[in-house]
Structure formats: C-alpha cells, structure tokens
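Every number in this text was worked out from the coordinates using simple rules, so none of it is lab data. All values derive from a computational prediction rather than experimental measurement. Counting neighbours? That spans all protein chains shown, and the Cβs are built from the backbone with ideal geometry, glycine included.
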Amino acid sequence: MFAQLFPDTLSEVLLRLFLAFLAGGIMGFERERYFREVNEQRGAGFRTYTLTCFGSCLFGLASIYGFPAIGSMMHDTGRVAAQVVAGVGFLGAGSILKNGSQIKGLTTAAGMWTASAIGLMLSAGMYLPALIASLFAYIVLDFPQLFPKAFTWRIRSRIGQQQSDYALPRISRRTRSLGRPAQRILRRTTGQR
C-alpha cells in the first residue's frame, strides 16, 4: 500500500506538474499584463492559463500512470490527449466574441489551446520541446512589447460625433501600449447621414 501512495515515479510526476504550472503561469502573467496595460476589459490571465496547462498535464499524467496495462491488454494514452484538445477547444470557443466585423478573444482561445498542448507535452516528459514551445508562445503573445518598432503602421479610426469625447483617451492608450505614442491625431467633423 505504501508503494502505491509514493510510487517510484513520484519525483518525475511532481517535476512535470511543476513545469506545467510554471509554463502556464508565465503565459498567463503576460496576458494579465497585456490586459492591464491595454484593455479595459478582463480576459483570460494567470489563473486561466495556469489551470489550462496544469490541468492538461494532470489529464496526461492520469492517462500515462493511472491505468496500468493488464496482461497483454494495453491502453491508448492518445485518447485522453484527444479529449483534452476537444475540451480546451470548447473553452476557447466560449472566449471568442464577434461584434460586426470585429472579433475578440481569438488570441485568448489560441493561447489556451497552446497552453494545453504544452501541458500535455510536459505530462509525456517532452521537456525540451515543451520549453521551446513555451518560449515561442511567450514571444508570440508579447511580440508588440518585445519588438515595438515592428508595429509602426498607421492606426486610423473613424469615430462618430457622439463617441468622440470617449474615443480619444482609448486611442491614446492603445498607441502607447504598442510602444508608439500617438504623434498626430486628426479630427474631422462630417455632416449627418
């Protein structure tokens, strides 16, 4: 009984869980920072990304270590991974909102999906590929802050008269967050349609 409580693989399992917690936490921390600096609304942050990566790792570990082979009958560990992908896809789909031509939450959904993939990689003991994937995910999520000069496009906005008083601070915050404070904002008043 004591051997079942503390298997030989316990240190390996704990390492994988800790690394999943760390990888998800770093991605989530970046998103928290982004939403604090740029957005008035709150999106998936530290807790969501950490739990997504950590939970995916838990499912992967349960699949690998929780169901030992009985005789010649083997179990398919890939089935659990496929269900994790589907489940996180469902969570991600819930975070995507479409309003007219504007789509919000797509990066959140893709980030959560990537965090779950990293968690599954860590559960399988794929440390180096998971580390590289985590680094790439962080770079993609933080790209505008890491390389602000790459985002030097013009930001144009058409604002209705009744919204103009509220839009100027929002535009100013957005351009500052991209590392390119607004140099010139033109305001034109047009006739009613």
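In this label model, Leu14 and His75 are separated by 2.3 nm, measuring between points 7 Å along each Cα→Cβ vector.
In order along the stretch 115-129, the phi-based Karplus estimate (6.51 cos²θ - 1.76 cosθ + 1.60, θ = phi - 60°) of 3J(HN,Hα) comes to 4, 5, 5, 5, x, 5, 4, 5, 5, 8, x, 8, 5, 5, x Hz; Gly and Pro are listed as x. Amide H contacts under 5 Å for Gly45: none, restricted to partners 5 or more places along the chain or on a different chain, H placed in the peptide plane at 1.01 Å from N. Phi angles across the stretch 60-65 convert, under the Karplus curve 6.51 cos²θ - 1.76 cosθ + 1.60 with θ = phi - 60°, into 3J(HN,Hα) values of x, 5, 4, 5, 6, 9 Hz, Gly and Pro given as x.
About the centre of its Cα atoms, the stretch 7-146 shows a dipole size close to 360 debye [charges on the beta carbon of Lys, Arg (+1) and Asp, Glu (-1) only; nearest 20 debye].
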